[in-house]
1. Relative contact order (percent) for chain A, with alpha-carbon contacts under 8 angstrom and 6 or more residues of separation?
2. Kirkwood Rh, Cα Rg: Rg to Rh for the protein assembly as shown?
3. Give, rounded to the nearest 20 debye, the magnitude of the charge dipole that chain A has about its Cα centre when Lys and Arg contribute +1 at Cβ and Asp and Glu contribute -1 at Cβ.
4. Which one, A:303, A:320, A:357, projects farthest toward the positive side of the charge dipole computed for segment A:249-414 from Cβ point charges (K/R +1, D/E -1)?
5. Relative to the longest principal Cα axis of chain A, at what angle does helix A:204-217 sit, 0 to 90 degrees, rounded to 10?
6. Among B:80, A:70, rank each residue by its count of other Cβ atoms within 10 Å, from fewest to most, as a rough exposure measure.
7. Could you list which residues have their amide H under 5 Å from that of residue A:533, counting only those 5 or more apart in sequence or on another chain, with H placed in the peptide plane?
8. Segment A:122-178: which chymotrypsin sites (Phe, Trp or Tyr not before Pro) are DSSP loop and have at most 16 other beta-carbon atoms within 10 angstrom?
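Quick note: the coordinates plus some simple rules give every number you see, no bench work behind them. Predicted model, so just to flag it, every value in this text is computed and none were measured. Note that we place each Cβ from the backbone using ideal geometry, even for glycine, and neighbour counts take in every protein chain shown.
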Amino acid sequence: MGDVLYLILRRLRAPLITLIVVYAISVVGLTLAPGIDPQGQPWRMGFFHAFYVMSYTATTIGFGEIPYAFTDAQRLWVTFSIYLSVIGWAYALGSVFALSQDPTFRAAASRGLFVRRVARLRQPYCVICGYGRSGRAIALALDALDVRIVIVEQDAQRAAPIEIEEFRAPPLVLVADARRPEVLREAGIAKPECRAVLALTGDDEANQSIAIGTRVLDPATMVIARVADPVVHDNLADFGGVHLINPFETFAANIGLDLVAPEVLQLEEWLTGVPGSLRPETLKLPQGHWVLAGYGRFGRAMAQMLRSAGQSWQAVDPNIAPEDEGAEGVAIGKSAEQGLRECDIGRAVALVAGTDSDSVNLATVTMARRLNPGIRIIVRQNKAYNRALIEAAGATVAFVQSDLMTHEVLQALTTPLLNRFLGQARRDGAGLARRALARLDEVFGKRVPWVWRFDCDPAQPGMRHALSQADGPLLLRELLVDPRDPQVPMLAVPLLLWRAPTAAASAHAARGGAPLTDVFASATSAGADEVVLPDPDTPLWAGDRILFAGGEGVEALQRRFLLDPSPIELVRTGYEPPRSWLFRRFSSPTARSAAARPRP
Amino acid sequence: MNLEKVIFGFFTILACTLNFGFFVGDIDRPELHHPTELFATIVVNLIALVLKFGDRTHIGATHLATSLAACLQLGAAGLFWVWELHVRGIALDAGSTSTIVSLSGGALVANLISVTLLIGETLRQSR
């Protein structure tokens, strides 16, 4: 606001002074011009009447000659004043219109509006820096989840279509360079309502600046950055606190999992699918010789994955990066068909068409099919509008960067615990995944479960009572009982128990430093404060977070434990305690102990 | 020499001197306070006000504030004059003249502050 006001005042100084001077000259002249009153006496107009006459004359309203008919001397002066004042007004109004069209003024005005709107936001929002394909896809996905969006995009051309995009709540857009700290601040990254900052520009260096700037300005805000460059990746990993997503490596790692540990990938797909839908099938990619058409960032990530998965591969790329020239397994500068033949397409089991041109990828796929009809295809889709073409190619898997980014970002934002669990599963390899799959299979069959988090938050009235440990510790199994009927177990599997390090330490100290129970034996091996697939008999402490996978509606039932102490009492004792003070006085201790059953 | 500074200083000081010219003289004698001088004071004060627009420094903001105060006082004096002369239709007497002149006296104080700021700024520059 300040900027705009000052700009207006500064730019309009000259026209305003011109107007003042024009009026002053005209008014003074009119008071000096000799006039005659109806009695024929000489008369001079006062300042008040002169100003009145000039006001309606200068604005071309023209009420006539008051208070008495003018003399010729007065008419002469008024004629002069009319031309003078019309020029003055034309100049002043011209300046106002020129100012309203001025790019600097418009930028300042829209920026002022943006800052005010961000300051007024009272609901959770995410700041997206960079409105490319991924930025757009993520903005639409978050909008569907009722998260407000603040977009910072440097390029006005790219930001323009946001206005006509179908958002439920229109995003707040600022055309500015998000690398600059004051821009980040204006975008509201330090406000408590800001859930996360997503650095999704096409430039890794810019993403690095945004991530570091955000971390420095407000360490509490979550930062997710897309980074493909290994140097930048290492920098940010060292800096800490930034959730890094490398789309190429993520995709390659998923393919690698399918080759090496399909159970882990299956578990991931199962838990991150659309709840209630049929569980996705595994890809079952074949082992053997792979051909990579295109050896850029994507091709290199795939090659590295194949190397560590123990598969043989050959790459071909007509315009290869200089540092890769002569690298093992990379052919250069061949026509497409010759290149594919050279890569042993005949005995290959799979082709990765991974250049950054959709038409080249489609041509390669067609060529490869002709040379080897049974080959499995992995194709990269670059432009959103080419989706139909890529689907028609009938590939086994399509790599769509914006889809992958959306998936990863949503997962990181909505269920960060799930990410930790899946990270554990990846590190642990097939063993943990197989156990988890078996558990999920026996509870849910072929459906994708709902995944949610339960917080043992002592600030909630229900939990405060249960965690006070008056009747012994709260056990995990008690959260798995239907609060409407204690005989019925709920359809839910606890996947991960997360315990704040300080909580674990203080609880441990409170127990007199005795060795942790055997339940946490697995915790020590898997990391100090995370238990994968926790035992139902695990005692819960204040601050614990549990990741559950379960049927529809279980989350809502479980939330009843938070709001009110009586459901948890009912579950624990099988007896619903009286809620009011009066009834608590009347319920005798004997009746209570009779109703209370020994807990299993 | 900076022309902008000259113009700025000229109008600031002229606003003050004209104001003083109108103010000086027995407060209750209408013949000692000429309406043209009040008009000139108002016009020059308005110009000084507009000249002070758009300066974001602290001293610039104070300059603007003194001019706003002066214009408010002078505008009130002018309106009161119009009211007495044309609306109530009576010639100025001792009471209404002293009201007008005392209002312009308030504006004079604001203008003096403005001139003091100008001098202070100049001294600080030369040091």
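1. Relative contact order here is 9 percent.
2. My calculation of the ratio gives 1.19.
3. Computed charge dipole of chain A: roughly 1300 debye.
4. Value: A:357.
5. With both axes taken from Cα atoms, the answer is about 80 degrees.
6. Numbers: B:80 14, A:70 19.
Lowest to highest Cβ neighbour count: B:80, A:70.
7. A:496, A:497
8. A:167
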